[in-house]
Each structure stands twice: as C-alpha cells, then as structure tokens.
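See structure below.
The values are calculated or read from the model by the stated rules, or taken from the named source; none is laboratory data. Worth saying up front: this structure is predicted, and the values here are computed from it rather than measured. Virtual Cβ from ideal backbone geometry, glycine too; neighbours counted across all protein chains shown. To get the accessible areas, we keep the full protein, side chains included, count just its heavy atoms, and leave off ligands, DNA and RNA. Shrake-Rupley method; radii C 1.70, N 1.55, O 1.52, S 1.80 Å.
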Amino acid sequence: MPCAPNSSASPASRTLKLDASYRYNKLVDHFHSPAVKLDPLTAPWTQTVLRLFSNRRASRGALWHFSGEVRQAQIFVAALGASNYSYIEARWTQGLADWIGSHLSMLAFFEDVTRQIVCDNLKAGVTAACRYEPGINRTYQKMAAHYGTVIVALDFLTEAANVVLVGPNGVGKSTLAQNIAHQALIAGHTALFTSAGQLLGELCALDSDSALRRRLRHYARPELLVIDEVGYLSYSNRHADLMFELVSRRYQSRSTLITTNRPFAEWHEVFPTAACVVSLIDRLVHNAEIIAIEGDSYRLKEARERTDQRARQRRAGKS
C-alpha cells in the first residue's frame with residue numbers, strides 16, 4: 001500500500017512502501033523492465049519488505065523524477081540473513097556517498113545493526129578484491145566501526161576457495177553459513193545447503209552405481225555447497241569414502257563451506273576407521289579460509305534469560 005513520504009525529508013531519504021508480497025526474482029524483473037513508473041506526486045524512492053547483505057544485483061531501473069523526466073537509477077538491495085526481510089532503495093549513482101547513504105537508510109529501516117555486513121564487490125565499497133585481506137574503502141570501514149559492525153567481502157567463490165567455520169555448539173555457525181549461501185544466491189551464484197548427516201545418509205542409501213554417480217554430480221554442480229554439522233555424528237568408512245569423493249570432485253573448481261564443532265585433529269573420531277581422513281582434510285584446507293568462532297552458546301544464553309524472566313514474573317505475581 002503506497003503512502004506519502006515525509007515532505008521535509010531530502011529526496012534521497014524519501015520512501016514509500018510497496019506491496020510486501022514481492023518475491024526477489026519478481027522484484028528484479030520489475031526493476032529490469034523498460035520503465036518503472038511511480039506516481040510523481042509521491043516519490044520515486046522505494047522501500048519494500050521482502051527477504052543484512054548489501055549489493056546492487058538488481059542493477060538499474062528507469063524511474064520517474066519529480067519533474068516527469070525518466071532517469072536511470074541504481075537499485076540498492078540488502079537482505080537480512082535468515083529472515084524474510086530485505087531493504088530496496090533507488091539511488092542515482094553507485095558512488096561512495098550513495099553507497100554509504102543506502103547503508104545508513106538500511107540500518108535505520110531494520111532498527112538494528114548486525115555483527116557483519118557481507119557486501120558485493122562494488123568499487124565504492126571494495127577497492128581491491130582479495131580472499132584474505134580485501135581492500136575496503138576507508139570511509140566504508142569508518143562507518144562500520146562507528147556502528148560496531150564489520151565488512152565482509154564475498155569473493156572466495158570466484159577463486160573456488162573453501163571456507164571452514166569451526167566453533168562450539170550454539171555460536172551461530174549454521175546461521176552464518178545460511179546467510180553466506182543466501183548472499184551467493186542474491187549475487188547470481190548457485191548454492192546448495194545440506195547437513196552432513198542428510199548428505200551422507202542419502203548417498204549411502206543409493207543401491208546402484210548409476211544413481212550414485214547422478215547424485216554425486218548433483219552435489220558437485222553448485223558453485224557453493226554448504227555442508228553443515230560435520231562432527232556431531234560418527235560415520236563409517238563408506239561415509240568417509242563418499243565425502244572424500246565429493247570433496248575431490250569439487251576441489252579447485254567449486255567452493256565448499258563446512259561447519260564443524262571439532263578441530264581437524266579430532267576428525268579421526270568423526271570417521272574412526274577411515275584411511276582417507278588425512279587426504280580429505282588436505283583437500284579441504286588447501287586454498288581455504290578457516291574461521292574459528294568463539295563464545296558461549298546463544299541457545300543456552302536465551303534459555304537462561306527465559307528462566308530468569310519467568311522467575312521475575314512469578315515473584316511479581318506473588319507480591
């Protein structure tokens with residue numbers, strides 16, 4: 001439902017809300033159409049609730065200026081990871097001022113700041129793409145430091161590098177992996193998310209070589225394959241051989257992201273009698289980023305908070 005913007009706001013900050021039923025693909029098609037005509041009596045700036053990752057994958061769209069002139073606009077798209085919310089905004093340029101301004105509007109819209117902002121490799125934000133130390137614009141870095149967040153550039157996919165998230169239970173490894181896969185999809189890559197138990201159980205259940213080869217090709221095909229929860233269960237030699245086969249097929253040609261609660265030194269307990277564990281780890285860590293996540297379990301923290309809240313409510317009821 002459209003609504004009139006605040007007339008006292010600058011043109012770049014004026015927004016109107018559109019139908020919240022838009023899906024991402026429909027939105028991209030909408031803005032790639034020859035002209036997106038919005039009511040010049042309201043505003044040409046859009047803020048739409050859809051599905052925090054910042055990019056301009058939706059690219060350009062033709063918007064009507066207040067004067068009635070049709071001008072090319074740049075579409076800023078940010079998706080809040082593991083949620084159904086996105087922020088969409090039109091800006092006239094891809095310059096640094098508009099890039100930073102879109103981020104500030106996005107944070108104000110979400111009314112919170114995430115721990116990380118995974119950005120597309122737009123030159124206004126990322127001055128030099130690199131897997132280990134990407135060059136981030138100094139002003140962009142200062143904005144992130146001011147709001148207590150960090151900028152993460154998603155460029156490991158172009159180098160077919162792997163990522164391993166290592167940490168104890170409940171620190172958000174799976175959520176981070178889902179967010180990275182989500183951003184990869186928004187950036188136009190193919191991605192597949194699965195758990196280690198589901199992946200290996202499915203492959204082991206296949207009773208013919210042809211079916212197994214087809215399924216291995218299915219998992220080897222995506223540009224990003226996320227294998228979640230490696231280390232929570234123990235597997236047989238057959239499971240280890242299939243994991244090694246899949247990782248070998250993807251080695252140096254596709255990126256694989258793995259989350260695990262165990263350091264590599266303990267993987268012999270995950271695959272107790274397998275002879276290929278050393279080779280499996282060798283292929284995973286070569287050309288890979290290994291990110292150690294430390295901290296207490298969010299689930300345990302939230303459970304304690306709920307217990308304390310109930311206790312306070314009970315005490316308040318008695319008094």
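Highest mean packing comes first when the peptides 197-203, 211-217 are listed by Cβ atoms within 10 Å, giving 197-203, 211-217.
Consider all pairwise Cα distances in the stretch 139-185 and report the whole-number % of them above 16 Å.
Numbers: 599 of 1081 pairs.
The share of Cα pairs beyond 16 Å in the stretch 139-185 comes to 55 percent.
For the stretch 141-245, carbon and sulfur atoms together expose 51% of the accessible surface, with a 1.4 angstrom probe and every protein chain in place. Between the listed residues PRO272, GLY317, LEU284, the Cα displaced farthest toward the positive end of the dipole of the stretch 268-319, a dipole computed from Cβ unit charges relative to the Cα centre, is found at GLY317. Close amide H partners of ILE258, meaning residues 5 or more places away or on another chain with modelled amide H under 5 Å apart, are VAL163, VAL164, LEU165, ILE227. Semi-axes of the equivalent ellipsoid for the stretch 229-288, computed as √(5λ) from the eigenvalues of its C-alpha gyration tensor and ordered from largest down, come to 18, 13, 10 Å. Here's the picture: charge each Lys and Arg Cβ at +1 and each Asp and Glu Cβ at -1 in the stretch 125-244, and of VAL166, PRO222, SER234 the one pushed furthest to the positive end of that dipole is PRO222. A Cβ-based charge dipole, computed about the Cα centre of the stretch 275-319 with Lys and Arg at +1 and Asp and Glu at -1, lands at about 760 debye.
In order along the stretch 218-227, phi translates into HN-Hα couplings of 4, 7, 7, 6, x, 5, 10, 10, 9, 10 Hz, rounded to whole numbers, per the Karplus curve 6.51 cos²θ - 1.76 cosθ + 1.60 with θ = phi - 60° and x for Gly and Pro. For the stretch 135-280, the spread of Cα positions along the three principal axes, ordered from largest to smallest, is 56, 31, 23 Å. By the rule of a C-alpha distance below 19 Å, with chain neighbours fewer than 8 residues away ignored, the aspartates and glutamates paired with LYS318 are ASP308.
Against the 2.2 N^0.38 Å scaling, with N counting residues, where does the stretch 152-210 land? I'd like the Cα-based Rg ratio to two decimal places.
Values: Rg = 14.4 Å, N = 59, 2.2 N^0.38 = 10.4 Å.
With N residues counted in the stretch 152-210, Rg over 2.2 N^0.38 Å equals 1.39.
Summarised in one figure, the compactness ratio Rg/Rh of the stretch 204-319, Cα atoms and Kirkwood Rh, is 1.20. When +1 charges are put on Lys and Arg Cβ atoms and -1 charges on Asp and Glu Cβ atoms, the dipole computed for the stretch 217-319 relative to its Cα centre reaches about 740 debye.
When only the Cβ of Lys, Arg, Asp and Glu is charged (+1, +1, -1, -1), the dipole of the stretch 178-229 relative to its Cα centre reaches about 240 debye.
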